[in-house]
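Read through the structure below, which is laid out as structure tokens, and then see the notes.
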Amino acid sequence: MTRIKWHLWHGNTERALEKIRDLDDALATHQDDPLVVRKYSKCKPLARLIADFHTYVEQNSGFIVDYSERQRYGERVSMGFVESAVNQVLSKRMVKRQQMQWTKKGAHLLVQARTKVLNEEWEACFRQQYPGFRSAPAEPLAMAA
């Protein structure tokens, strides 16, 4: 049986979702067995985690890339350096000893805004929210010869 992780690594979210559903079905089958329920008290929390994982993969399937292809072409696969930087910045503000503390929602919104700025998408988003914001730059006119 091919692992879910393998399908996600290869960007195949449809097959990964199928495997997650198979896992959930297998767990549901065993949850009805009183011997299993008595022996394994963590079946319900595991079922909840599987459902959350399925929802996450389903909602983010458009953003899950084929890492195996990236690796084949020598592109960067690891995002650890980015995660480390984000964790440092966010954890500094989330600490209770700070004079100005962020909420989890506020930190999440800040990261979304910063991502829009870095991807040069902020202006279009701002214009959509506030139609009176400066007009989009016009295409440069070709010079006449």
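The values are calculated or read from the model by the stated rules, or taken from the named source; none is laboratory data. Predicted, not measured: the structure shown is a model, and the values here were computed from it. Here the Cβ is made from the backbone with ideal geometry for all residues, glycine too, and neighbour counts use every protein chain on show.
Taking the options Val57, Val111, Val82, name whichever one is within 19 Å of the chain's Cα centre (by Cα), in a helix (DSSP H, G or I) and modelled with pLDDT of 85 or more. Of Val57, Val111, Val82, the one residue that is within 19 Å of the chain's Cα centre (by Cα), in a helix (DSSP H, G or I) and modelled with pLDDT of 85 or more is Val57.
Per-residue answers, yes or no, for (1) of a type in the set (Val, Ile, Thr); (2) surrounded by 10 or more Cβ atoms within 10 Å (Cβ to Cβ); (3) touching a helix residue (DSSP H, G or I) at 6+ places or on another chain (Cβ under 7 Å):
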residue	(1), (2), (3)
Lys5	no, yes, no
Ala16	no, yes, yes
Asp32	no, no, no
Arg38	no, no, no
Leu46	no, yes, yes
Asn60	no, yes, no
Ser78	no, no, no
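Just checking, does region 31-52 include any residue being closer than 22 Å to Ser78 by Cα, at pLDDT 90 or above and of a type in the set (A, V, I, L, M, F, W, C)? No; the residues of region 31-52 include none that is closer than 22 Å to Ser78 by Cα, at pLDDT 90 or above and of a type in the set (A, V, I, L, M, F, W, C).
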